[in-house]
Amino acid sequence: MMTLKAALFDLDGVLVDTEAQYTDFWRRVGEVYYPDDPDFAVSIKGQALEKIFSQYFSDSQDVREQLRADLSAFESRMNYTFMPGAEAFVRALRSEGVKTAVVTSSDRWKMAQLLKQHPGFDDLFDRLFTAEDAKRSKPAPDCYLNAMNFFGEAPKACVVFEDSLNGLKAAKASGAAVVGLSTTLPQETVAQYSDFVIADFVGLTPASLSERLAE
């Protein structure tokens, strides 16, 4: 059975139930700028905004500025509802001495919007890592490796919770154990990159997590 030292959580679709909202936003963006790509909204999930801009909107500063403004307005009125069981599970990990961190491709401004709705959210974690903390966006593993280095823990002592394809690839490449959430992609897709898959955190405990990772 692994000795778990640190648990690293993606944010959207993992800790907070926001993926459907983001899908709707980026679907509308795709309909305007990439109407021939029906998978646009899914393909960009888990990536930092600057990477999305460099990959899809590098030739238009005006479009980038408009999208940034639209996204900021959208995030300021989003509903940041906790995923079922997420808050209780994080608290249970901390009570067992497990270090916890959020590792998200969202930026600090978006994190500030979340904290307005959940003022005590940052008290659940030892550190909140945002897009500004990693040189390369997911699917590169940099963000998770940074978190492990911050805690001084080896990948084999860490577990990552992820949901998007880019995030799952980053988690897998980091060398940590991976628990996938089937909140964004089909379970069979998530399972390809995960040690096991959950729908949410209801019923998951530190003990049952360790047991399932040892299977």
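Yes/no matrix, rows are residues, columns are (1) assigned to a helix (DSSP H, G or I); (2) polar (S, T, N, Q):
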| residue | (1), (2) |
| --- | --- |
| D37 | no, no |
| K45 | no, no |
| K51 | yes, no |
| Q66 | yes, yes |
| A73 | yes, no |
| N79 | no, yes |
| R91 | yes, no |
| K110 | yes, no |
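Filtered by the rule that a residue be part of a loop (DSSP other than H, G, I, E, B) and either closer than 24 Å to K156 by Cα or modelled with pLDDT of 95 or more (or both), segment 18-34 gives a lone residue, Y34. The residues on offer are A131, A170, A154, and the sole one that is free of Cβ contacts under 8 Å to residues at least 24 places away in the same chain and touching a helix residue (DSSP H, G or I) at 6+ places or on another chain (Cβ under 9 Å) is A154.
Annotation note: of T100, T130, T104, the sole residue that is under 16 Å from the mean Cα position of the chain (by Cα) and under 17 Å from M2 (Cβ atoms) is T100. Do we find that R94 is assigned by TED's automatic domain parsing to the domain that holds R136 and either surrounded by fewer than 16 Cβ atoms within 10 Å (Cβ to Cβ) or without any contact (Cβ under 8 Å) to a residue 40 or more places away in the chain (or both) in this structure? So R94 fits the description; yes. In the set (1) closer than 24 Å to T205 by Cα; (2) touching a residue at least 24 places away in the same chain (Cβ under 8 Å); (3) of a type outside the set (S, T, N, Q), the condition left unmet by D122 is number (2). Restricted to segment 1-12, and to residues there that are over 17 Å from A134 (Cβ atoms) and modelled with pLDDT of 95 or more, the residue that is surrounded by the fewest Cβ atoms within 10 Å (Cβ to Cβ) is K5.
For segment 183-198, which positions are small (G, A, S) and within 15 Å of the chain's Cα centre (by Cα)? Of everything in segment 183-198, just one residue is small (G, A, S) and within 15 Å of the chain's Cα centre (by Cα), namely S194.
In segment 173-189 there is at least one residue that is over 26 Å from Q21 (Cα atoms), assigned to a helix (DSSP H, G or I) and either touching a Ser or Thr at 6+ places or on another chain (Cβ under 8 Å) or hydrophobic (A, V, I, L, M, F, W, C) (or both).
Restrict the check to segment 199-215 and report whether at least one residue is free of Cβ contacts under 8 Å to residues at least 40 places away in the same chain, crowded, with 17+ Cβ neighbours inside 10 Å and either out of contact with any helix residue (DSSP H, G or I) (no Cβ under 9 Å at 6 or more places or on another chain) or over 21 Å from M111 (Cα atoms) (or both). Looking through segment 199-215, none of the residues is free of Cβ contacts under 8 Å to residues at least 40 places away in the same chain, crowded, with 17+ Cβ neighbours inside 10 Å and either out of contact with any helix residue (DSSP H, G or I) (no Cβ under 9 Å at 6 or more places or on another chain) or over 21 Å from M111 (Cα atoms) (or both). Condition check for R77 on (1) in contact (Cβ under 8 Å) with a residue 40 or more places away in the chain; (2) within 19 Å of Q113 (Cα to Cα); (3) of a type in the set (D, E, K, R): one failure, at (1).
Scanning segment 69-86 turns up no residue that is crowded, with 19+ Cβ neighbours inside 10 Å and more than 16 Å from T18 (Cβ to Cβ). Within the set of pairs 6 or more residues apart or between chains, which connect a residue that is touching a residue at least 24 places away in the same chain (Cβ under 8 Å) and crowded, with 18+ Cβ neighbours inside 10 Å inside segment 33-48 to a residue that is outside any loop (DSSP other than H, G, I, E, B) and of a type in the set (D, E) with Cβ atoms less than 9 Å apart? If the second residue must be outside any loop (DSSP other than H, G, I, E, B) and of a type in the set (D, E), the pairs left are K45/D12; K45/E19; G46/D12; G46/E162; A48/E132. Among the listed residues R91, R136, R108, identify the single one that is in contact with a Leu (Cβ under 8 Å, 6 or more places away or on another chain) and not aliphatic (A, V, I, L, M). Exactly one of R91, R136, R108 is in contact with a Leu (Cβ under 8 Å, 6 or more places away or on another chain) and not aliphatic (A, V, I, L, M), namely R91. Of everything listed in (1) in a loop (DSSP other than H, G, I, E, B); (2) closer than 23 Å to R108 by Cβ, the single unmet condition for D59 is (2).
The values are calculated or read from the model by the stated rules, or taken from the named source; none is laboratory data. Remember, it's a predicted structure, so these values are computed and weren't measured experimentally. Glycine also receives a Cβ, built like all others from the backbone with ideal geometry; neighbour counts cover every protein chain displayed.
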